[in-house]
1. With angles folded into 0 to 90 degrees, how steeply does helix 3-38 sit against the dominant principal axis of the chain? Use alpha carbons for both and round to 10.
2. In Å, what Rg and Dmax follow from the Cα atoms of the range 93-239?
3. In Å, what Rg and Dmax follow from the Cα atoms of the chain?
4. Based on Cβ point charges of +1 for Lys and Arg and -1 for Asp and Glu, what charge dipole magnitude is obtained for the chain about its Cα centre, in debye rounded to the nearest 20?
5. Consider all pairwise Cα distances in the range 203-279 and report the whole-number % of them above 20 Å.
6. With every protein chain kept in place and ligands, DNA and RNA left out, what is the accessible area per residue of the range 138-223? Probe 1.4 Å, answer in Å².
7. Over the chain, what percent of the accessible surface lies on carbon and sulfur atoms, probe 1.4 Å?
8. As a test question: what accessible area, to the nearest 10 Å², does residue 325 have when a 1.4 Å probe is rolled over all protein chains in place?
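The values are calculated or read from the model by the stated rules, or taken from the named source; none is laboratory data. Everything numeric in this text was worked out from a predicted model, so none of it was measured. Positions of Cβ are generated from backbone atoms using ideal geometry, with glycine treated the same way; all protein chains shown enter the neighbour counts. Areas reflect the complete protein model, heavy atoms only, side chains present, ligands, DNA and RNA absent. Shrake-Rupley method; radii C 1.70, N 1.55, O 1.52, S 1.80 Å.
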Amino acid sequence: MSSEQQHYEPERANAAMIEADLATADEVRALSRWRRAWDSDVAYSFRRSPIAMISSAVALIFILGAVFAPLIAPQNPFDPGSLNLMDGFTAPLEPNAFTGNTFIMGTDDQGRDIFSTILYGSRVSLMVGFAGVVFAMVLGTILGLTAGYLGGWVDAVIMRIADIQLSFPSILIALLIFGVGKALLPREMQDELAIYVLVLAIGLSGWVQFARTVRGTTLVEKSKEYVQAARLIGLHPMLIMLRHVLPNTLGPVLVIATISLALAVITEATLSFLGVGVPPTQPSLGTLIRIGQDFLFSGEWWITLFPSLALVTLALSVNLLGDWLRDALNPKLR
């Protein structure tokens, strides 16, 4: 080994030790963050609530089943090439008289596996419900934050619009918006854009709860000292709203979003049940219930029973999870 190599060997060893120490420090910080999250009040409340754990597990099963439906479902119920009309009206767990095939939840009039239709229908219901809640949350948060911080005629106009909308049932508002939005589209594009119009209708019918909650929180926060200090140093009102006031409104917004997800799924199912929701080529849980209702009194009870149970279970689990989250984030209830 040359003298130059001997000179740089200690420096390389020191550099390697420093890198090892930095990696160890990063691991310690990551573990400490996980430990703080595990020991937080919300995590402790979750571990102490059997209802929260069961409802979250049920909701997670529905979400995973919807996401991985192409891998889990025995067939693609919306692919005509994979269907056999001879399998139609097969009762659950009973072999078909013609083909001998057995289905865990039976089949409908077209030979579609009910279990597969529930998985694929849940994808549409959850996608539309989640997108509608996100749109309502963003719109309601922006309007509520603006109304609460600016006040004056801006607050009066936004809140009077919210009061007018609250005087009508949300399902009627969604039905009206969906009908108007679909009527404005060309006929050849109505089925292609039906899901987007449905998301728009659900979002516009549900923004009021977010706006009223964010406005009330903003009225409280804007009178506090840290907001007054931000005004004194010359920060722009938009920057104050986004950086200082908005983070303090996210707790109640998250609770409302969780509860609104169940309502959005039910609203979508109601519209699809009425025949004005998603197109028949992309049926959701509401469409499956409507299809099964036509054969309910002829003895094929399973066609409408299992999609109805799936819808009720999904909505109930999300609603119970939202109730727990509301209690966990409210320090007055601890």
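1. Between the helix axis and the principal axis of the chain, the angle is about 50 degrees.
2. 23.2, 81
3. 26.8, 96
4. It comes to approximately 1440 debye.
5. For the range 203-279, the share of Cα pairs beyond 20 Å comes to 48 percent.
6. Ligands and nucleic acids excluded, the result is 52 Å² per residue.
7. Of the solvent-accessible surface of the chain, carbon and sulfur hold 67 percent.
8. Ignoring ligands and nucleic acids, residue 325 comes out at about 30 Å².
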